[in-house]
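The values are calculated or read from the model by the stated rules, or taken from the named source; none is laboratory data. Predicted model only: the values in this text are computed from it and were never measured. Using ideal geometry, Cβ is built from the backbone for each residue, glycine included, and neighbour counts are taken over all protein chains shown. All accessible areas refer to the heavy atoms of the entire protein, side chains included, with ligands and DNA or RNA removed. Shrake-Rupley method; radii C 1.70, N 1.55, O 1.52, S 1.80 Å.
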Amino acid sequence: MSSSVRTINFTLNGRSVSVNVQPHHNVVEMLQAQFALFGARESCGQGLCGCCTVLVDGRPLSGCLYLAVFLDGSEVVTVESLASTGKLDPVQQAFIECGAFQCGYCTPGFVLMTKALLEQTSDPDDEQIRDHLSGNLCRCGAYPEIVNAVKLAARKSKAGSTG
Amino acid sequence: MQAIKPQVGHQVGRSLPRLEAREKVTGRAEYTHLMQLPGMLQAKVLRSTVAHGRIKSIDTTDAKKIPGVFGVYTSDDIQTVIPDPYYGPAFHDQPILAIGKVHFVGEPVAAVLAADPHIAEQATQRIIAEYEELPAIFDEVEAAENKVLVHEELKPAGTFADLKHLKGRKGTNIALDFRLRRGDVDKGFASAAHVFEHTFRTQKVLHLALEPYASIADYREDGVTIYSGAQSPSFVRTEIARLLSWPENRVRVKVPYLGGGYGGKLYIKMEALAVALSMLARRPVKVALTMEEQFYTITKHPSTFRIKSGIDKDGKIIARKCEVWWNGGAYADVGPRLTQKSGFTASGPYDIDNVSIDSYALYTNLTPAGALRGFGIPQLVWAYESHTDMIARALKRDPVDFRKQNLLRDGRPQATGTILKNAAIEKVLDRIAEQLNWKKPFDRGQGVVRRGRGLAVALKAVISPTTSVAVVNIAADGSATLYCSTVDMGQGSDTAMAQMVGEVLDMPAESVRVVPRDTDVTPYDMGTLGSRSLFHMGHAVRLAAEEARDKIAALRRELGEPEGSNTPLGDLFRKKYGMQAGNIVGTGIYKPDYIPPDSSGLTTNATPFWMVAGSGVELEVDTETGHVRVIRLINVADVGKPINPKIVETQLSGASLMQLGFSMFEKMHVDGGQITNASLADYKIPAIHDVPPVMENITVDAVQDNGPFGAKGVGELATFGVSPAIANAIDDAIGVRLTELPITAELVLRGLYVKDNRPLGDD
C-alpha cells in the first residue's frame, strides 16, 4: 500500500501542515492518527449523524466520508480551533449556558455547524436553525436546548462584534 | 459541634451547568472509542450469517495470509486462555466467540487482529465459516411453546441475590417466569359488570448510542487494565476476574465519559473479547464496533402483553390479569431480572384488589435484548395505559375521571402488597390534565386534518437490592475530591454528586473534583442503571461527605477551635501537621432494605422508592395520508426534590424524545433472522425536525422522604407515558385504536380504512 501514499499540504486551524496519507484514509482517521485531534469523530460512518463535521474552506463536511487526499490545498477548521487561546468561543459558551448537550459525543459537530451558520446568518430564526442542523443527530435529544443555544450564540456573537 | 454556618449557599437545587461542559464543547472529553494505547492492535469480528446453526467449519487460512494481519482467532483459541468463556449477568450463557453453535445473525464467530483496522476488516471477509442451519424461533409467544429450543441447557449465574431461585432448566426457552397472585382474579372477573381483554405488542429497537461499543484491554501477567465505555465498571471487574479465576484486585476497569449508554453499555459487552484477545496477542487490543455492529450487540425487548380487566358497575377496576412475554433474544443478558422487576408493576398505577401477573423471559434467535431506559416499564405502560383508555372510552367515561377513580394512592397496597409511599401519581395526572386544559372544550378539527389529545401515567418500582459506595477525600488545602463509580453517560451524575458533596461540606460544587471511574481507585457500585444512582449513590456520597464533615469537626475540637469557628480547612491541616500535609477521608456505603417477593410475588418492601411520571399529547392526524404530527408533548414527573433542576428538565425532555422515536418510527426490521435495516441510513432516530413544536417538562412539588436531600431518580421517567399518550390521542382524533408500535402512517391509514369497512390488502 505504501506505493500509493500521497503527500498533501493544507492549512489546519490556521497552521500550514504537510502529511502523508493513503488514498483510502478519510479526514477523521487522518486528523486522529496524524494530529491527535479527536473532536471530529466517526459514529454512523455514513455521513448521516454529523459527529465527524469539519469545516473545509468554510463549508461543513462529513469527515468520515471525505477522503483526506481531497484536502490538499484547502483550509481546514476543526472544533479544536475555537478555544485555542483558552477562551471559549461564544458558540461554546452558549452551548454550556443552555445545557445543549448531555453525553457530548455529537457536540463538536453541532458547535461547528452553528459556527458555520452564524458566519452566513447573524440572526437566524428557529426554522433556519432547524434546517441548518437537520443533518446532525443527538441521541440524548438535546435539540430544544441546542436551538436555544444557537439563538444565544447569535446574540453573544453580535454583542462581541459590536462591542 | 453545631453545623457550620453556610458560607457559600445551598448547592442542592442549583441549576449548575455540567462540570465537564468545557471538555465536551471543546471536543476534549475522553471516550473509549477514541482512545489509543501504544502498541495497540485493533480487532474486527466475523459474525454469523445464520440465525441458528451448528458451526461445521471455520477456515482462517486465507485471512492469516494477508500482510499486516497479526492473528485470526476462533473459540478454540479463546479457550486456550479462558477455558470456560461464558459470561452474562443473569446467566453465564454468552460465549466470547461462538462455540459449536451460533444462536443469532451477527453473533461473533471469529476475530482478526491487526495494527491497521482496514486490514483487520479486510481479513474478516476472507474467513470462510460454514454452518448447518437449524430451525430458528423469532417470536416471543411462539418461543414459549418450546417447539424450537434456542439452548439445550440453561446456565444461571446467580449474580443477583434476588434471583437465587433461578435454576438451570432443560427443554425450555423460558429463562424466567415471574408470577404474582393477589386476591382472586377469577372471582373478580366473575363478579364484574364488564370485562375487557386486549393484546399489545412492541417492536425491536435499539439504544443507538452515537459512541458505538468500545473496549480496550491491556493484559499483563500480573494484571489486566480495561478501558471501556461501560455503565457498570464494578460488574465488569467481577466478571473478568471470574473468567480469569483471578482476585478482583488484578482487574482494573477505567471508564471515561460515555457517548451515550441508555442501558446498552450495562454489565459486560466487548470487555471479555478484548481481554481474551489481549491475552492471546500479548498486546493491548481495542474492540471498537461500528454503528452497524450495534444492531448485533444488544437491543430493547420486544414484547407481547395480554391484559384483561374486570370493572364493577360503579366503574371500579376489581380484577386485572396480565400476561407478558419478553423477547430476550439469544442470550439472557439482564432479561430475567427485567422480567421480574417490571413484573411488580405490570398492572399499572391502579388500586386493584385482585391481580394476577405472569411475566416470561424468553430466548429467541435474535440479537440479545437487555435494559433500555425503563427496564421494561415503557413496554408495560404502552399496554396498560392504552387498555385503561380503551375501557374508559368503551364505558363512555372521561379518561381522566376513570383513572382518578381507580388511581393508587399513598397508604394503599400496590400489586406486590407493598404500601405506596411518596408516589405523587394523582398530582402528576392532575398536572398533565391541567396543562392540556382537559376540562375545557377541545377543537378536534374538521375535514382532512383531525386533532386529538391523550395522556398516560405510570409507576415503576426502582430496582432493588443494590449497593453503592463512595469516598470523599479532603486534601490539606481543604479541597475535596469525590471517588465514586457512577458513570456519567450524559445524565449529569458527576455534577449532581458534586452538588451533594458541596451541600454537606459547604463548598461550591464546581470546586469538588469528581475522579473518573477507575476500579483501582473508585469503590464498588452496582451499576449506573434504572434511575438508581442519584438515590443510591447519592446516599453513599452524602454519607461519605458527612463522615468527612464530622472528622473536620473533630479536628477543630482537637485543635481547640472555638464552637462555630470558621477557620479555613487549610489552616486546620497546617496547625495539625505543621505544614500542608495530611488528608481527611470519609466513606459512605448505602444499601436499602428490601424483602424478596414470596412464591406469590408478594412482598411488604418491593422497592426503596417509587418512580412516577406521565405524558400528555396533542396531535394532528392527516386522514388522507395517515401521517401523525405531535404538536404538543407534556412530560410531568415526580422526582422528589430536584438536585439540579435544569439537568432534570433536560433529562425529561431527552427521554421523551427518545421514546417519541420508539413510538413513531424506530423499528429493527427482521426477515428470517436477518436485520434488514442495520444502519443509520435505514433505521431513523429522532432528528431536530421531529421535535414537537411545544414541549413542556414539569416536575410536581414533591419530596422523597428517604431520598438524599429529598431527591430520587430521573433518567428513565419521561419514557414511560409517551407511546400510550400518543395512541390515546389518535383514538381521540379519529376513533382508530392502534395496539402495536411503531405508530406508522401506514398503520394509521389502515386503521382508518378498517373503520370505514374497506380494509386495505397487504399489497
In whole Å, how far is the Cα centre of the stretch B:42-114 from that of the stretch B:12-34?
37 Å
Listed by chain and number, the lysines with an alpha carbon less than 21 angstrom from that of residue B:712, same-chain partners under 8 positions apart left out, are B:341, B:421, B:427, B:460, B:591, B:641, B:646
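Once you have the alpha carbon radius of gyration of the stretch A:1-114, what is it after dividing by 2.2 N^0.38 Å, with N set to its residue count? It would help to have the intermediate numbers written out before the result.
On the way: Rg = 14.3 Å, N = 114, 2.2 N^0.38 = 13.3 Å.
That ratio works out to 1.07.
Using per-residue counts of other Cβ atoms within 10 Å, averaged over each peptide, order B:449-459, B:69-79, B:568-578, B:605-615 from highest down. Write out the running numbers ahead of the final one.
Values: B:449-459: 24.8, B:69-79: 19.9, B:568-578: 15.5, B:605-615: 26.5.
Listed from highest to lowest mean packing, they are B:605-615, B:449-459, B:69-79, B:568-578.
About its Cα centre, what dipole magnitude does the stretch B:542-587 give when the only charges are +1 on Lys and Arg Cβ and -1 on Asp and Glu Cβ, stated in debye to the nearest 20?
Charge dipole, the stretch B:542-587, about its Cα centre: 120 debye, nearest 20.
Could you give the length gained on full extension between residue B:220 and residue B:706, defined as 0.36 nm per residue of separation minus the Cα-Cα distance, in nm?
Values: separation 486, 0.36 × 486 = 174.96 nm, distance 4.49 nm.
Gain on stretching residue B:220 to residue B:706: 170.5 nm.
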Given Cβ charges of +1 for Lys and Arg and -1 for Asp and Glu, the option among B:209, B:540, B:349 whose Cα lies farthest towards the positive end of the dipole of the protein assembly as shown is B:540
I need to check one value: relative contact order of the stretch B:638-763, counting alpha carbon pairs closer than 8 Å and at least 6 residues apart, in percent.
36 percent
Could you work out how far the C-alpha centroid of the stretch B:265-317 sits from that of the stretch B:428-451, in angstrom?
37 Å
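For n ≥ 4 DSSP H runs only, could you compute -39500 (n - 2.57) per run for chain A, divide by its residues and tell me the 222 nm figure to the nearest 500? Before the final figure, lay out each step's value.
On the way: 5 runs with 58 residues, N = 163.
Result for chain A, helices only: -11000 deg cm²/dmol.
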How many partner chain Cβ atoms sit within 10 Å of a residue's Cβ in peptide A:128-134, on average, as a whole number?
2
Between the stretch B:373-416 and the stretch A:48-75, the Cα center-to-center distance that results, in Å
51 Å
Output field shielding_mean for B:203-216 (other chain Cβ, 10 Å radius) holds 3
At residue B:80 and residue A:123, where each label point lies 7 Å from the Cα along Cα→Cβ, what is the point-to-point distance in nanometres?
7.1 nm
Which lysines, on any chain, are close to residue B:44 with Cα under 24 Å apart, when same-chain ones fewer than 8 places away are left out?
B:56, B:64, B:65, B:101, B:254, B:265, B:269, B:286
Sticking with the crude label model, points 7 Å out along Cα→Cβ, report the distance from residue B:193 to residue B:595 in nm, one decimal please.
3.6 nm
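Summing -39500 (n - 2.57) over the DSSP H runs of n ≥ 4 in chain B and dividing by its residue number, what mean residue ellipticity at 222 nm do you reach, to the nearest 500 deg cm²/dmol? It would help to have the intermediate numbers written out before the result.
Working: 19 runs with 200 residues, N = 763.
Rounded to the nearest 500, the figure is -8000 deg cm²/dmol.
Report, for the stretch B:242-372, the % of DSSP beta bridges that are antiparallel, rounded to 5.
Details: 9 of 20 bridges.
Percent antiparallel among DSSP bridges in the stretch B:242-372 is about 45.
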For the stretch A:50-57, Karplus-derived ³J(HN,Hα) couplings (6.51, -1.76, 1.60; θ = phi - 60°; whole Hz; x for glycine and proline) come out as x, 5, 9, 4, 9, 9, 10, 6
If I ignore ligands, DNA and RNA and count only protein heavy atoms, how much of residue A:115 is accessible to a 1.4 Å probe, in Å² to the nearest 10?
50 Å²
What dipole magnitude, in Debye to the nearest 20, does the protein assembly as shown give about its Cα centre under +1 on Lys/Arg Cβ and -1 on Asp/Glu Cβ?
1240 debye
Can you list the aspartates and glutamates whose alpha carbon is less than 12 Å from that of residue A:87, not counting same-chain residues fewer than 8 positions off?
none
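Tell me, what is the percent relative contact order of chain A, built from C-alpha pairs under 8 Å that lie six or more residues apart? It would help to have the intermediate numbers written out before the result.
Values: 278 pairs, mean separation 37.2, N = 163.
This gives 23 percent for chain A.
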Can you give the charge dipole size of the stretch B:1-141 about its Cα centre, rounded to the nearest 20 debye, using +1 on the beta carbon of Lys and Arg and -1 on the beta carbon of Asp and Glu?
920 debye
Stokes-Einstein D for the protein assembly as shown, Kirkwood Rh over Cα pairs, 37 °C, 0.692 mPa s (µm²/s)
114 µm²/s
From the P(r) of chain B, can you give the percent of Cα pairs sitting at distances over 48 Å?
19 percent
For the pair residue A:131/residue B:631, report the inter-label distance in nm, with labels modelled 7 Å from Cα in the Cβ direction.
2.2 nm
Among B:731-737, B:295-301, A:13-19, how do they line up by average Cβ neighbours within 10 Å per residue, starting with the highest?
B:295-301, B:731-737, A:13-19
Relative contact order, percent, of chain B when contacts are C-alpha pairs under 8 Å separated by at least 6 residues?
16 percent
Residues in the stretch B:703-719 reached by a label modelled at residue B:553 [backbone nitrogen below 18 Å; 7 Å Cα→Cβ]:
B:709
